[in-house]
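Just below is one structure, and these are the notes that go with it.
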Amino acid sequence: MRYNPLLLLSAVIIAAAVSHSCGPKYEFNLDEHLGICGIGWAEPANDAGLDYLEANVSGFLMPEKSDEEFAANKALAATITPPIYSANGFFPGEIKVVGPDADIDRAVKYSETAIRRANEIGIKVLVLGSSGSRNIPEGFDRAKAEEQFTGFLKRIAPAAEKYGVIVALEPLQTKESNFINTVKEGAEIARNTGSDNICVIADLFHMARMNEGPEDIITSADKLVHCHIAECEERTAPGVKGDDFTPYFKALKEIKYTGRISFECSWQDINTQLPKAVGVMREQISSVK
């Protein structure tokens, strides 16, 4: 991908005036803040020296199950290493937050339970992708859908603020979703909620698929709290196809990014691919320091 250096410079200037309101605060040092999506990968994650795991909201936090049913997962979270820092897979597809079938009351109750349980086990970031829940039905007014979605986020923001948990919107490529496809778009919706605890993630796989340049990372600095990474062509791990992520890493460095980066990849042989992916990422990160 080719990026316009003038756009990138302009974005740097804009970002210099933006205050960072979201997320945990760390010194910029990405090679010490790497994790992997999937708590089933705990053993290879430990072997590769990763710092955290990213769980699944609907499967692990079980927001529509009782606290008694959740107790086993809560106990597991206290012992598993690396620790669970984040979770994705927010909604099951049947819970709609836009369109004529939207059930906002159900979605709010589900989200408030997820946020409370995240706090109980130390999860800091909940990633809200969930294309099946947020896709705009054919013929439904887009402005109305955005109003519904923003209204839903405003209703869950008090719980996120109370429990110190970030809900981060995940922009998805147009092949997966017809709503919130770029980091820029996600950041704008997050800002419209007026909450420091509603933010956005940058998934470098989706950014590449959308040909979204690193300048959108810079202009979204005030709302960017988390990242996912995989190679563009087949969602492979870094090092399989040889993708160059350094333009994005340069942007993250420029904004003094303080979040973390999760591998969200397809794995053919994780025991060999994950250590290589870690090495490739650290090499590319170190090249922009």
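Of note:
- Remark: ILE285 falls outside the filter, which requires a residue to be under 30 Å from ASN119 (Cβ atoms), touching an Asp or Glu at 6+ places or on another chain (Cβ under 7 Å) and either modelled with pLDDT under 95 or β-branched (Val, Ile, Thr) (or both).
- Long-range neighbours under 8 Å by Cβ, at least six apart or interchain, first residue more than 19 Å from GLY129 (Cβ to Cβ) within the range 191-203, second assigned to a loop (DSSP other than H, G, I, E, B) and among the hydroxyl-bearing types (Ser, Thr, Tyr): ASP196/SER21
- Number of positions in the range 232-280 that are buried (at least 20 other Cβ atoms within 10 Å of the Cβ), small (Gly, Ala, Ser) and part of a loop (DSSP other than H, G, I, E, B): 2
- Boolean, ALA78 is over 16 Å from LEU169 (Cβ atoms) and surrounded by fewer than 18 Cβ atoms within 10 Å (Cβ to Cβ): yes
- Within the range 181-232, being farther than 25 Å from ALA277 by Cβ and of a type in the set (Lys, Arg) holds for LYS184, ARG191, LYS223.
- When VAL225 is tested against (1) farther than 30 Å from PRO137 by Cβ; (2) touching a residue at least 12 places away in the same chain (Cβ under 8 Å), just one condition goes unmet, and that condition is (1).
- Residue within the range 214-224 that is among the hydrophobic types (A, V, I, L, M, F, W, C) and in contact with a His (Cβ under 9 Å, 6 or more places away or on another chain) present: yes
- Of the residues in the range 113-123, not one is polar (S, T, N, Q), at pLDDT 95 or above and more than 22 Å from the chain's Cα centre (by Cα).
The values are calculated or read from the model by the stated rules, or taken from the named source; none is laboratory data. Not measured: the values here are computed from a predicted model. Cβ sites come from the backbone with ideal geometry, for glycine too, and all protein chains shown count toward neighbours.
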